[in-house]
Amino acid sequence: MNSRRKFLHTSLLGALAAGTSDFWGDVLNGAAAPPKGNLPVVIATWDNRRATAAAWDILSKGGRALDAVEAGARIPEADPKDTSVGYGGFPDRDGHVTLDACIMDEFGNAGSVNFLQHIMHPISVARRVMEKTPHVMLSGEGALQFALSEGFKKENLLTEEARKAWENWKIKSEYKPVINIERHDTIGIVAIDAQRRVAGACSTSGMAFKMHGRVGDSPIIGAGMYADNEVGAAAATGLGEMVLKTLGSFLIVEEMRRGKHPQKAAEEAIRRLARKYPQQSEKNQVGYIALDNRGRHGAFSLHPGFNYALFQQAANQVLEAGSYFNK
Ligand code: SD4
């Protein structure tokens with residue numbers, strides 16, 4: 001077996017061991033043909049391979065990209081060890097875990113929640129906002145009320161570990177985002193399914209120890225994430241204030257619309273930051289992922305250290321993104 005085949009084979013067995021899908025079992029047994037070309041494909045910011053695997057479970061069965069990205073985002077949301085998303089997320093400087101999330105489907109529908117507390121799966125609330133209300137975004141207390149009315153459970157999301165980190169932070173009380181070190185694990189996840197439906201999702205607890213009430217880029221359509229079936233989708237992670245000021249994800253999708261490869265489009269959005277905000281860019285990290293509706297992908301960041309997960313053709317891998325600055 002050549003090394004690529006061996007790798008795929010291993011990944012397939014891994015997927016099967018994880019109970020990913022019967023379909024891939026059939027592929028291994030020769031009973032089903034693997035999907036042609038690049039589709040389906042899902043990518044996510046950082047090493048969110050458990051999220052891309054959950055998404056692939058849906059995509060590999062012919063499922064909808066929207067369901068896949070929601071399922072993917074729910075993985076870090078429920079993970080107490082992930083300190084930037086959902087349950088276990090680091091709180092704001094007053095000790096409250098406040099969550100931001102957004103989602104878009106293949107029709108260009110969008111839903112979003114921001115400054116939401118006590119709900120473990122903000123991405124699913126964002127989806128309900130999209131599907132069940134005439135609005136795009138619900139905020140704070142109103143978002144919580146809506147979530148409760150939809151049957152979501154009110155929970156304490158502040159873990160002991162996150163509370164301790166906050167107590168430690170309070171000793172100095174310095175709000176200083178540090179490149180990559182804050183364990184930025186915000187999930188941006190974008191996918192295209194076998195029927196060429198594009199969708200995207202983004203979910204975060206935001207910058208650790210932020211001011212109470214601070215909302216970042218992640219729930220803002222076009223900033224933290226943007227998806228357009230005609231073109232593709234993009235998502236962001238890192239210092240939200242910088243992404244917000246350039247609507248980075250929208251910019252990437254528009255660059256792809258004008259014909260750029262996702263890689264070049266992501267690079268352009270990062271260059272835009274470096275040009276417009278040189279000092280902030282030197283001190284802070286921003287990373288983008290991009291996927292076009294042909295299944296091509298790319299990623300780029302200001303500083304080294306940004307990686308992303310890619311699940312395509314039955315292989316789930318982590319790729320290192322290139323960066324504008326070298327160190
Ligand atoms: C924010 N962009 O709230 C988010 C933070 C982030 O990984 O990406 N963390 O600014």
Quick test of your reading of the structure: ALA54 fulfils all but one of (1) in contact (Cβ under 8 Å) with a residue 40 or more places away in the chain; (2) within 20 Å of VAL318 (Cα to Cα). Name the failing condition by number.
(1)
Within the stretch 235-288, of all residues that are more than 17 Å from the chain's Cα centre (by Cα), among the hydroxyl-bearing types (Ser, Thr, Tyr) and assigned to a helix (DSSP H, G or I), the one nearest to the ligand (Cβ to nearest atom) is THR246
Just checking, which of ALA110, ALA73, ALA126 is surrounded by fewer than 23 Cβ atoms within 10 Å (Cβ to Cβ), within 17 Å of the chain's Cα centre (by Cα), under 18 Å from ILE220 (Cβ atoms) and touching a residue at least 12 places away in the same chain (Cβ under 8 Å)?
ALA110
All but one of (1) under 19 Å from the mean Cα position of the chain (by Cα); (2) polar (S, T, N, Q); (3) within 19 Å of ILE221 (Cα to Cα) hold for SER84; which doesn't?
(3)
Restrict the check to the stretch 81-103 and report whether at least one residue is without any contact (Cβ under 8 Å) to a residue 24 or more places away in the chain and either under 23 Å from MET211 (Cβ atoms) or more than 16 Å from the ligand (Cβ to nearest atom) (or both).
no
Report yes if SER21 is closer than 30 Å to ILE171 by Cα, at pLDDT below 95 and among the hydroxyl-bearing types (Ser, Thr, Tyr), otherwise no.
no
Would you be able to say whether some residue in the stretch 298-312 is surrounded by 21 or more Cβ atoms within 10 Å (Cβ to Cβ), at pLDDT 95 or above, among the small types (Gly, Ala, Ser) and under 14 Å from ASN38 (Cβ atoms)?
yes
By residue number, the members of the stretch 184-215 that are within 14 Å of the ligand (Cβ to nearest atom) and within 14 Å of the chain's Cα centre (by Cα) are HIS184, ASP185, THR186, ILE187, GLY188, ILE189, ALA201, CYS202, SER203, THR204, SER205, GLY206
Helices (runs of 4 or more DSSP H) contained entirely in the stretch 117-187, each with at least 2 residues that are on the phi < 0 side of the Ramachandran plot and at pLDDT below 95:
160-172
What pairs come out if I take residues in the stretch 216-238 that are within 17 Å of SER124 (Cα to Cα) and pair them with residues that are hydrophobic (A, V, I, L, M, F, W, C) and near the ligand (Cβ under 9 Å from one of its atoms) whose C-beta lies under 6 Å away, six or more apart or interchain?
SER218/CYS202; GLY224/CYS202; GLY224/ALA236; MET225/CYS202
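The values are calculated or read from the model by the stated rules, or taken from the named source; none is laboratory data. A quick note: this is a predicted structure, and the numbers were derived from the prediction, not measured. So basically every Cβ, Gly included, is an ideal-geometry build from the backbone, and we count neighbours across all protein chains shown.
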